[in-house]
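Participant: Have a look at the structure that comes next, please.
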Amino acid sequence: MTGPDPNDVVSTPPPAPDPTRVGELLHLHPGARVVPVPSGATQIFIGQRGTSLGTLSPGQAAAVELLAAQQVDADALLDVVRSHEGEMGMLKMPKLLQRLRAGGWLSVTLEVAGSPVLTFRPLGPAVPPAPQHDADPAELRMSRFAVLRTEGTGMVLESPLAHVAAELHDPALAALLASLAAAPGEQPGPGGAEGAPAYPVDYPAAVPALLGALARHGFLVPRSGAAEEDFRFAQWSPHELWFHSRTRVGRHDLPYGGTYWAKDVAEPLPAVRPSFDGRAVELPRADLQALRASDRTLTEVLEDRKSLRLHDGAAPLTTEQLGEFLYRSARNRGRYQDGAQELGDRPYPSGGRAYELEIYPLIHRVDGVEPGLYHYDPEGHRLELVAEPGPALTRLAEMSRATAQMSETPQVTLLVTARFGRVMWKYSTMGYALVLKHVGVLYQVMYSVATAMGLAGCGLGGGDSDAFAAASGVPWESESTVGEFLLGSRGKEGGDGVPA
């Protein structure tokens, strides 16, 4: 029996990864495109956002190529530069990495014991991080603006206050975040050695560093809540701040604008809504030539406009007045093709000429028209009966009356809906915001026409979309109310007009 050959090479296993150390891996944003240009410079883009990195040295170009291909640590990048340019070339790399970080081009993955745990994906140029909280991790909680949702096959943590999205690679991180909701003084877990919190992850020693990183990006705040009590945060409900941040560029990396994303998914909706079956009421048309000669001036209309909430019960709105009002405010004057979808033309402006808004007069008292819910056909200039009076219509009318603080049911509530597909088919991210802008310009036109005609008009700030869906049978997700405008004959004493 012989001993080991002294010439044999004994391999030493690499040291086990430090379970407390949180390392960084770098990678270009997954949506980044690196484009060389004839001048020799290198440009980088994410969507429509882009910049020039200038002329890169061979080592820098190889490092950027490696960043685009895989996750790497800083040492690996320096090795690549060294292999192309030697030791002196490495001196250029820190400045390039700083530019990539500051510009929001680099995703940063945090790893523990060699396993990726969390990736911060930039949503735009970097901003100075929030001050690091000195509070114990057990005294942190999720910001009320933060949302954890699925994305692809994983989960992502987002907040309108953060300039990064946090991708969770370990499902246990969701349990970790939920554990932070424990009451002050309680342990986030059942407790470990010597009373230390037992976090629901396999790397409890690294948790403070991970939570600190989340806190610096605004996802976590001190449990006291003081960080969000300042008025600039307290004024926002979470969904409103989310809406504001997601419908403008700067705090998301989603496709934005007229992308025509649904071109190969679904056929575009027609410019004019298909008619409802059932009886219809033909409406008189306004004499526009006569109005051009006799109508009130624009200055008079704008200066005299008021929100009027008192209707004249002795002399209610007439069919002729309702017909003139709708003809002047919302008729469709033509259809056109732009090569992708059918376009409309109405008296108010509409982004992309989508004209997704529809008007459903909820008639309580109009001389010559039976009560009920109608749809205004903007091309045929007629009312199409949608629903007879019943509980759902009563609910809609009462909502309008209560919102306007009127003592009597409004003579007419013009329910403004949006056929969302007219806008969403073309626009990414900003579609619903565009719909609400259209509601605003339609309100202004309605106010102006009502003032010119001597009628009582009043825009409302909210309504019951579920009641409309119940009354009309129209799917809530496809077409829903987005505005309400009251119309009636003007009270003899002038109404309780309030500038609004």
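Participant: Evaluate 2.2 N^0.38 Å with N set to the residue count of the stretch 398-500, then give the Cα radius of gyration divided by it.
Facilitator: Working it through for the stretch 398-500, the quotient is 1.17.
Participant: At 7 Å along Cα-to-Cβ for each site, give me the label-to-label distance between Ala262 and Asp287 in nm.
Facilitator: 4.3 nm
Participant: Under 11 Å from the 7 Å Cα→Cβ point of Ala402, by amide nitrogen: which residues of the stretch 443-484?
Facilitator: Only 464 fall inside the zone, counting backbone N under 11 Å.
Participant: Ignoring ligands, DNA and RNA, how do Arg292, Arg279 rank by accessible area with a 1.4 Å probe, largest first?
Facilitator: I get Arg292, Arg279, largest accessible area first.
Participant: On to the next question. Between 0 and 90 degrees, rounded to the nearest ten: what's the tilt of helix 319-330 against the longest Cα principal axis of the chain?
Facilitator: Tilt of helix 319-330: around 30 degrees.
Participant: Here's a follow-up. Suppose each label sits 7 Å from its Cα in the direction of the beta carbon; what would the Asp295-Gln98 distance come out to in nanometres?
Facilitator: In this crude spin-label approximation the distance works out to 6.2 nm.
Participant: Can you give me the angle between helix 431-453 and the longest principal axis of the chain, using Cα atoms only, in degrees from 0 to 90, rounded to the nearest 10?
Facilitator: With both axes taken from Cα atoms, the answer is about 20 degrees.
Participant: Okay, next question. Can you tell me the FRET efficiency between His244 and Asp277 if r is taken as the Cβ-Cβ distance and R0 is 45 Å, rounded to the nearest 0.05?
Facilitator: My answer for the efficiency is 0.65.
Participant: Still on this structure, I have one more. For the chain, what % of the accessible area comes from carbon and sulfur atoms, probe 1.4 Å?
Facilitator: Heavy-atom surface of the chain belonging to carbon and sulfur, 1.4 Å probe: 55 percent.
Participant: Taking only protein heavy atoms and a 1.4 Å probe, what accessible area per residue, in Å², does the stretch 33-158 have with all protein chains in place?
Facilitator: 51 Å²
Participant: Please give the Cα centre distance for the stretch 270-301 versus the stretch 351-383, rounded to the nearest Å.
Facilitator: Centre-to-centre distance over Cα atoms comes out at 11 Å.
Participant: Take the Cβ-Cβ distance between Arg333 and Leu148 as r, set R0 to 41 Å, and report the resulting FRET efficiency rounded to the nearest 0.05.
Facilitator: With a Förster radius of 41 Å, E is 0.30.
Participant: In nm, give the distance between the simple-model label positions of Met88 and Lys492, each being 7 Å from the Cα along the Cα-to-Cβ direction.
Facilitator: With each label point 7 Å from Cα toward Cβ, the separation is 9.9 nm.
Participant: Okay, moving on. Excluding ligands and nucleic acids, what accessible area in Å² is computed for Lys437 using a 1.4 Å probe, to the nearest 10?
Facilitator: 120 Å²
Participant: Between Thr318 and Ser237, what length comes free when the chain is fully extended (0.36 nm per residue of separation minus the Cα-Cα distance, one decimal in nm)?
Facilitator: 24.9 nm
Participant: Output needed for the stretch 17-162: three equivalent-ellipsoid semi-axes, defined as square roots of 5 times the C-alpha gyration tensor eigenvalues, in descending order, whole Å.
Facilitator: Over the Cα atoms of the stretch 17-162, the semi-axes work out to 30, 20, 14 Å.
Participant: May I pose another question? How large are Rg and Dmax for the chain when only the alpha carbon atoms are used, in Å?
Facilitator: Using the Cα atoms of the chain, the pair Rg, Dmax is 31.3, 121 Å.
Participant: While we're looking at this one, here's another question. Once the Cα atoms of the stretch 59-140 are picked out, what are the Rg and Dmax in Å?
Facilitator: For the stretch 59-140, the Cα-based Rg and Dmax read 15.4, 49 Å.
Participant: Okay, moving on. If you build the Cα gyration tensor of the stretch 343-385 and take the root of 5 times each eigenvalue, what three semi-axes come out, in whole angstrom, biggest first?
Facilitator: They are 25, 9, 8 Å, listed largest first.
Participant: A follow-up question, please. Please give the per residue accessible area of the stretch 186-313, computed with a probe of 1.4 Å over protein heavy atoms only, in Å².
Facilitator: That works out to 61 Å² for each residue.
Participant: Give a residue-ordered list of calculated ³J(HN,Hα) values for the stretch 416-426 (Karplus: 6.51 cos²θ - 1.76 cosθ + 1.60, θ = phi - 60°; whole Hz; x for Gly, Pro).
Facilitator: 3J(HN,Hα) across the stretch 416-426, in whole Hz: 9, 10, 10, 7, 3, x, 4, 9, 5, 4, 9.
The values are calculated or read from the model by the stated rules, or taken from the named source; none is laboratory data. If you're wondering where the values come from, they're calculated on a predicted model, not measured in any experiment. Every residue, glycine among them, receives a Cβ derived from its backbone with ideal geometry; neighbour counts consider all protein chains shown. Please note that ligands, DNA and RNA were not included when accessible areas were found on the heavy atoms of the full protein model with its side chains. Shrake-Rupley method; radii C 1.70, N 1.55, O 1.52, S 1.80 Å.
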